[in-house]
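Following: one structure in structure tokens, then a few remarks.
The values are calculated or read from the model by the stated rules, or taken from the named source; none is laboratory data. Here the structure is a predicted model, which is why all the values come from computation and not from measurement. Note that each Cβ is placed from the backbone with ideal geometry, even for glycine, and that neighbours are counted across all protein chains shown. Ligands, DNA and RNA are excluded from the accessible area calculation, which covers all protein heavy atoms including side chains. Shrake-Rupley method; radii C 1.70, N 1.55, O 1.52, S 1.80 Å.
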Amino acid sequence: MTLTRSLAGLTLAAGILALAPLATATAAQATAAKPWGPYYAAGSKAKASGSLTAAAKADRSAPAPYVKVGGSVTSLNRKASTCGWALFRVSYFDAANQPHLVYRNYRACSYKAKMQFAFTVKNVAEVDFKVCSEAKAAKPSVDCQVSGAWKTIYAYYK
């Protein structure tokens with residue numbers, strides 16, 4: 001009886017050890033950071049780049065449990081009164097499964113000085129990005145937000 005239990009324990013341990021590399025590789029592959037950029041503003045007056053990490057999910061048709069975005073924005077304009085802006089538009093779902101939009105804006109106003117940023121959002125459907133260069137202000141202008149095209153750097157269905 002003791003021999004049977006020992007053999008059963010060894011068989012179970014061997015099975016777990018055989019499957020462990022497969023599970024670890026799948027989790028690491030799904031959560032690997034994917035680079036985005038560099039993207040430039042019109043006239044190459046600002047630059048932004050970074051990486052995005054989306055959490056692994058079992059259902060491909062469901063939004064990501066969370067998305068982490070990190071990177072930097074750099075002003076390439078020598079005027080101190082002009083800033084480089086990195087704008088993010090994130091669509092996510094709340095607890096009642098209702099869609100919402102959240103905006104994140106980051107600016108760098110010194111010539112060639114990088115402004116680092118990082119943020120995390122839960123239940124993400126899509127992350128869009130845009131870079132602009134314009135006069136120093138508390139928020140980006142409507143022109144910066146509306147003109148030009150947003151670039152999708154993450155979509156849950158891809």
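Computed values, structure above
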| quantity | calculated |
| --- | --- |
| Test: residue in the range 91-107 that is aliphatic (A, V, I, L, M), under 24 Å from Gly43 (Cβ atoms) and out of contact with any His (no Cβ under 8 Å at 6 or more places or on another chain) | no |
| From Glu126, Glu134, residue being acidic (Asp, Glu) and closer than 15 Å to Tyr40 by Cα | Glu134 |
| Candidates Lys130, Lys68, Lys57, Lys47, filtered to the one that is modelled with pLDDT of 95 or more, of a type in the set (Lys, Arg) and touching a Pro at 6+ places or on another chain (Cβ under 7 Å) | Lys47 |
| Matching residues in the range 31-53 - criterion: being in a strand (DSSP E or B) and hydroxyl-bearing (Ser, Thr, Tyr) | Tyr39, Tyr40, Ser49, Ser51, Thr53 |
| The range 137-154 - residue that is in a loop (DSSP other than H, G, I, E, B) and more than 16 Å from Lys47 (Cα to Cα) and, of those, most open to solvent (accessible area, probe 1.4 Å) | Lys139 |
| Single unsatisfied condition, Ala56 versus (1) in a strand (DSSP E or B); (2) within 17 Å of the chain's Cα centre (by Cα) | (1) |
| Residues of the range 84-102 that turn out to be farther than 15 Å from Tyr39 by Cα and in contact (Cβ under 8 Å) with a residue 24 or more places away in the chain, as a count | 7 |
| Residues that are open to solvent by 70 Å² or more (accessible area, probe 1.4 Å) and under 19 Å from Lys114 (Cβ atoms), drawn from the range 35-59 | Pro35, Pro38, Tyr40, Lys45 |
| Residue identified as over 22 Å from the mean Cα position of the chain (by Cα) and open to solvent by less than 40 Å² (accessible area, probe 1.4 Å) among Cys109, Cys132 | Cys109 |
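Residue by residue, here is whether (1) surrounded by fewer than 12 Cβ atoms within 10 Å (Cβ to Cβ); (2) not in a strand (DSSP E or B) holds:
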| position | (1), (2) |
| --- | --- |
| Thr74 | no, no |
| Arg78 | yes, yes |
| Leu87 | no, no |
| Val90 | no, no |
| Asn97 | yes, yes |
| Leu101 | yes, no |
| Phe117 | no, no |
| Thr120 | no, no |
